[in-house]
Each structure stands twice: as C-alpha cells, then as structure tokens.
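Structure first, then comments.
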Amino acid sequence: MTSSEPAILAENLAKSYRRTRAVADVSLRVDNGETMGVLGTNGAGKTTTVEMIAGLRAPDRGRIRVLGLDPRRDRARLRQVLGVQLQDAYLHHALRVVELVELYRSFYPAPRSTDELLDMVDLTDQRRTIFEKLSGGQKQRLSIALALAGRPRVVILDELTTGLDPAARRRMWDTIARLKADGVTVLLVSHAMEEVERLCDRVAVIDSGRVLALDTPAGLVARAGAESLDDAFVALTGKSLEVSA
Amino acid sequence: MTEAHGTLVAAHRPGVRSLLTLVGCEAKMVMRDTAGLVVPLGLPLLILLTSASSATDQVVVNGRTALDVFVLPIVLTMVVAMIGIVNMPSFLAYYRRSGILRRLAVTPASPAMVLTAQAIVGLVQTIIGITGALVVAYVVFGANPPAHVATALGVLGLTMAAMYATGMIVAAVAPTPNSAVAIGLVIFFIVGALGGMFGGRDALPDPLAEIGGWLPFGAAVEALGAASAGTSVEVAPLLGLGGTVVVGAVVAGLLFRWE
C-alpha cells in the first residue's frame with residue numbers, strides 16, 4: 001500500500017435526477033487516514049456525492065475509486081472495508097439494539113465485539129431496547145455503531161451528530177478521534193461548524209453541486225479573510241449554515 | 001492505475017452463519033407482528049373447526065371423507081396462500097419503503113440474502129400452520145392420511161412456489177406497505193373465492209369455476225384433494241400451479257425494485 005495513493009478519489013462527478021441537477025462537478029481526493037469534512041447547505045449536493053462514493057448511486061459522469069476499488073463494479077470487496085452511516089436509513093423496527101448489532105456484525109469476517117460497539121456509542125444500557133422505542137439520538141448512535149461493525153478502513157458519515165444532545169455529540173467526536181488515531185479514513189458530511197473545525201484535517205465546501213473551496217479549516221478562514229469558519233462559509237457561498245441546520 | 005491497495009481486499013461474502021442470523025432476525029420480526037403471525041395460522045384453523053364435524057361422516061371415495069378430500073385441502077391451501085400472497089410481500093414492501101434494504105445495500109449483505117431469509121421464515125411458518133391444522137384434523141376429527149402421501153407433498157411444494165410467485169408479483173407492483181397488504185388481500189380473496197374457499201366451485205357459474213380451477217388456489221385444492229382421495233391428479237391444476245410460478249417469476253423479475 002503506497003501512501004501517495006488516496007483512500008477516496010472522486011473525479012468530476014455529476015448526477016441529475018429528472019430535471020434537477022444534484023451534483024454538477026465534484027472532485028475530491030482524501031488521503032489515507034485523513035478526515036475530510038463536506039460542508040454545505042441543504043440541497044448543496046453533499047448527500048448525493050457521498051451516496052455515489054458509497055456505491056448507492058451511479059454517477060452520470062466521472063470516476064470514483066475507494067481504496068482503489070470501483071464502488072459499483074467491485075461492490076463485494078469494497079463493502080468489507082467501507083462503513084457507511086446513511087442520513088435517514090431505517091432499521092428493522094421490531095428488533096432489539098443487541099439483535100441489530102449482532103446482525104450487522106455477522107456480515108463481516110472480523111467484526112468489532114458487540115460490547116465494544118455498544119460502548120463506543122453509549123448504548124450499553126439500551127441493549128435490550130426495541131429499535132422503535134429508541135429516541136432519535138439513540139437511533140442515530142446505533143446507526144453509527146453499525147457503520148463501524150466491520151472495522152472499516154474508510155468510513156462515510158452523513159450528518160454524524162445532527163439530532164444529538166451536546167454530551168452525545170462530544171462522545172461521538174471522541175469516537176471519531178479514536179478512529180483517526182487508528183488510521184481510519186473518514187468522510188464526514190456536516191452542518192456543524194464546530195464539529196468540522198474540531199475533527200477535520202481538510203474541508204470541502206460544496207454549493208449548487210460544485211466544490212467551491214477545499215482546504216484546511218484554518219486555510220479556509222485565512223483565504224476568506226474571515227474571523228471564523230462560519231464567516232468563511234458565508235463569504236464563500238453567500239449562505240448561512242445555521243438557518244438550514 | 002491506482003488499483004494496488006484495493007487488490008489487497010479479499011472478496012468475502014457473508015456465509016451461512018450470517019444467513020442464519022438474518023433468518024433469526026426475520027423470524028423475530030414475524031413473531032413480534034401479532035396479526036401477521038396469528039391470522040395465517042388462526043383463520044384456516046377456524047375454517048377447519050367450523051366445517052370439519054359435518055364433513056367427517058360423508059365418505060367420498062377410497063374410505064376418504066369430505067374432510068380429507070375437500071375441507072383439509074382448502075385449509076392447507078389457505079395457510080400457504082396467506083403467508084405467500086399477503087405476509088411475505090407486505091414485509092418486502094415495508095423493507096423497501098423504510099430504507100432497510102438501502103441500509104443493507106451498503107453492507108456485504110445482498111438483497112438476495114434478505115429474500116432468502118424471508119422465504120425460509122415463511123416456509124417455517126407455513127410448516128407450523130400446516131402441522132397445526134393436520135394435528136387438529138387427525139386428533140380431534142379423525143381425519144385420514146392422504147392415499148398418496150408423496151403426491152400430496154409434491155403438490156404442497158408446488159403450491160408454495162406458486163403462492164410465493166404470486167406474492168412476488170404483489171411485492172413488485174405495490175408502491176407502499178399498506179398497498180401491499182391491500183393488493184395481497186384482494187388477490188387472496190379472489191383466487192380463494194374462485195377456488196372454493198367459501199364453498200365448492202360447483203356452485204359458481206361455469207366460466208368462473210373453470211377460471212378458478214386454473215388459478216393457484218383452486219388448482220391446489222383440486223390437486224391436493226385428488227392426492228388425498230387416491231384418484232389420479234389431473235394435468236390442468238398442475239399446469240395452473242406451474243404456470244403461476246413462471247408468470248410470477250417473469251413479472252417480478254421485470255418489475256421488482258429494491259428501492
């Protein structure tokens with residue numbers, strides 16, 4: 001494995017749904033072990049971009065490689081090393097937390113243990129709770145645990161902490177920091193500036209289906225001549241994130 | 001090209017252990033869905049209890065009574081049809097609608113695995129329903145075993161395939177879980193009514209009776225009745241069941257969408 005080879009490579013991606021163009025031209029290069037943030041307002045094309053990288057949608061145009069694999073052609077191989085948390089995916093509503101964790105663990109050859117996964121997302125006390133009885137934040141945390149079940153080398157997290165209370169949010173940040181320390185590559189879609197600033201090595205600002213800027217958080221702030229990442233985002237896109245969040 | 005580290009990833013597909021875990025989860029989903037669990041097992045039993053006692057003393061042929069030749073085939077076909085046409089498609093439609101299949105699509109699990117697990121759970125539920133009905137029929141009402149056991153089992157297997165195929169058509173055309181239940185129930189009652197579920201097909205107008213004999217419910221009742229009586233099973237009902245499997249597979253293959 002050569003370090004010069006990116007973990008995620010997306011070149012000139014484009015995707016339209018009927019009359020709307022969701023992604024016009026997005027290119028990203030995420031290095032091994034890097035945490036890349038994807039920042040944008042609702043409808044900017046963030047989710048479509050990560051869904052194409054995850055192999056859920058075929059791009060109309062462009063080329064994608066994740067650890068050198070084509071997400072659609074090499075589906076079976078990529079699924080073992082890629083963990084994905086989708087924004088509004090649902091799970092079997094009548095199953096208990098522990099049953100869902102064990103189901104998702106069973107898909108992988110060398111999964112994390114059930115106890116470790118529950119502990120990572122603070123759901124040990126809810127292990128016997130039926131999925132539909134969980135709060136929104138707990139469902140979200142379970143979804144993150146399932147994304148990490150197979151010890152992925154690349155993780156895509158769509159709206160990591162949306163809907164979480166401040167304590168749970170900090171706990172998730174610690175979890176991501178630990179993944180990073182283990183050399184896992186993370187692609188983090190977010191609305192939350194504080195989260196992106198704290199966790200991400202670099203940030204791609206996406207608007208109207210295009211990458212407007214790609215730099216370190218500090219670099220973005222300096223480039224926009226702004227005081228904070230918030231101000232830099234407004235300067236770049238002319239939009240405020242807080243309104244849509 | 002930069003394929004180097006991707007080639008280090010060995011292709012691994014979830015194996016039997018994973019399928020069994022999924023089967024266990026699907027079984028729990030079914031068990032925790034009270035209506036889906038009780039109706040396909042309870043309703044046929046109710047029909048059996050209300051119509052068996054009067055049917056035990058009418059010997060039809062070869063020492064087999066009306067219970068053996070008419071009532072039991074209807075009861076068993078009902079169990080298979082409800083699970084295949086109503087339950088299974090409503091689960092699949094719910095999985096598709098709720099995003100569960102999408103979530104599974106980003107794991108190494110394949111949609112085919114979900115379908116296989118559902119089919120296994122449906123099969124087990126069907127076997128439990130059929131066993132329950134047979135135990136009641138034999139123990140309480142003194143029913144007789146089929147004259148041709150192997151033929152009866154073969155017909156039951158073909159009936160299951162035909163009902164699942166019909167269920168796959170329902171799952172393919174239903175846009176929502178609710179519509180899957182509605183479409184499934186309508187089809188169940190149409191094939192049931194034309195197939196003798198509410199009384200013999202003889203009472204129906206000739207063209208309807210003819211059509212009902214070709215549709216999977218009537219065909220199954222006809223063939224099971226013949227196997228039970230020990231008379232030869234006609235070709236027409238077997239063609240009806242086989243044809244349903246083919247039509248179901250083709251329609252579902254063309255129209256079924258995972259998303």
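At 222 nm, what helix-only mean residue ellipticity would chain B give, in deg cm²/dmol to the nearest 500, using -39500 (n - 2.57) for each DSSP H run of four or more?
-23500 deg cm²/dmol
What is the dipole size for the protein assembly as shown, taken about its Cα centre, with +1 at each Lys and Arg Cβ and -1 at each Asp and Glu Cβ, in debye to the nearest 20?
Dipole magnitude for the protein assembly as shown comes out near 600 debye.
Return the sequence-ordered ³J(HN,Hα) values of the stretch B:78-93 in whole Hz as given by the Karplus equation 6.51 cos²θ - 1.76 cosθ + 1.60 applied to θ = phi - 60°, using x for Gly and Pro.
Per-residue couplings from phi come out as 4, 4, 4, 5, 5, 5, x, 8, 9, 5, 4, x, 5, 5, 5, 5 Hz.
Identify which of B:L185, B:L67, B:L224 has the largest mean-square fluctuation in a Gaussian network model of chain B, with springs joining Cα atoms closer than 10 Å.
B:L185
Report, in deg cm²/dmol and to the nearest 500, the calculated mean residue ellipticity at 222 nm for chain A, where each DSSP H run with n ≥ 4 adds -39500 (n - 2.57) and the sum is divided by the residue count.
Value at 222 nm, helices only, nearest 500: -9500 deg cm²/dmol.
Kirkwood Rh over alpha-carbon pairs of the stretch B:128-259, then Stokes-Einstein at 37 °C and 0.692 mPa s: what D in µm² s⁻¹, rounded to an integer?
Translational diffusion coefficient: 208 µm²/s.
Using a 10 Å cut-off on Cβ to Cβ distances, tally the other chain neighbours for every residue of A:87-96 and report the average as a whole number.
Taking the mean over all residues of the peptide, I get 6.
Determine the percent antiparallel among the DSSP beta bridges restricted to chain A, to the nearest 5.
In chain A, DSSP labels about 50 percent of beta bridges as antiparallel.
Determine one quarter of the surface area of the Cα convex hull of the stretch B:1-113, which equals its mean projected area, and express it in nm² to one decimal.
Spelled out: convex hull of the Cα atoms, projected over all directions, averaged, 11.7 nm².
Can you divide the C-alpha Rg of chain B by 2.2 N^0.38 Å and report the result to two decimal places?
Relative to the rule-of-thumb radius for its length, chain B sits at 1.12.
With springs only between Cα atoms under 10 Å apart, run a GNM on chain A and tell me which of A:P59, A:P166, A:P111 wobbles the most.
Highest fluctuation of the listed residues: A:P166.
How much net charge surrounds A:R210 when only the other residues with a Cβ under 13 Å from the Cβ of A:R210 are counted, with Lys and Arg +1 and Asp and Glu -1?
My count for the surroundings of A:R210 gives +1.
When the Kirkwood radius is taken over all Cα pairs of the protein assembly as shown, what Stokes-Einstein diffusion coefficient follows at 25 °C and 0.890 mPa s, in µm²/s?
Estimated via Stokes-Einstein, D reaches 96 µm²/s.
Hey, what do the phi angles of the stretch A:197-212 turn into as Karplus ³J(HN,Hα) couplings, whole Hz, using 6.51/-1.76/1.60 and θ = phi - 60°, x for Gly and Pro?
Values, residue by residue: 5, 6, 9, 8, 6, 9, 10, 9, 8, 10, 8, 6, x, 10, 7, 7 Hz.
Note down the Stokes-Einstein diffusion coefficient of the stretch B:205-259 in µm²/s, whole number, using a Kirkwood radius over alpha carbon pairs, 25 °C, and 0.890 mPa s.
199 µm²/s
Give me the number: length gained by fully extending A:A110 to A:R223, i.e. 0.36 nm times residue separation minus the C-alpha to C-alpha distance, one decimal in nm.
That pair, A:A110 and A:R223, stretches by 36.3 nm at full extension.
HN-Hα J couplings of the stretch B:119-134 from phi, Karplus 6.51/-1.76/1.60, θ = phi - 60°, integer Hz, Gly and Pro as x?
5, 5, 5, x, 5, 4, 4, 4, 4, 4, x, 5, 4, x, 5, 5
Two decimals, Cα atoms only, Kirkwood Rh: what is Rg/Rh over chain A?
Here the Rg-to-Rh quotient is 0.96.
Using amide H atoms built 1.01 Å from N in the peptide plane, name the residues 5+ places from A:A22, or on other chains, whose amide H lies under 5 Å from its own.
A:K15, A:S16, A:Y17
Computed from the coordinates by the stated procedures, all read-outs in this text should not be read as laboratory data. The structure presented is a predicted model; accordingly, all values stated were derived computationally and were not measured. Every residue, glycine as well, gets a Cβ built from its backbone with ideal geometry; the counts of neighbours run over all protein chains shown.
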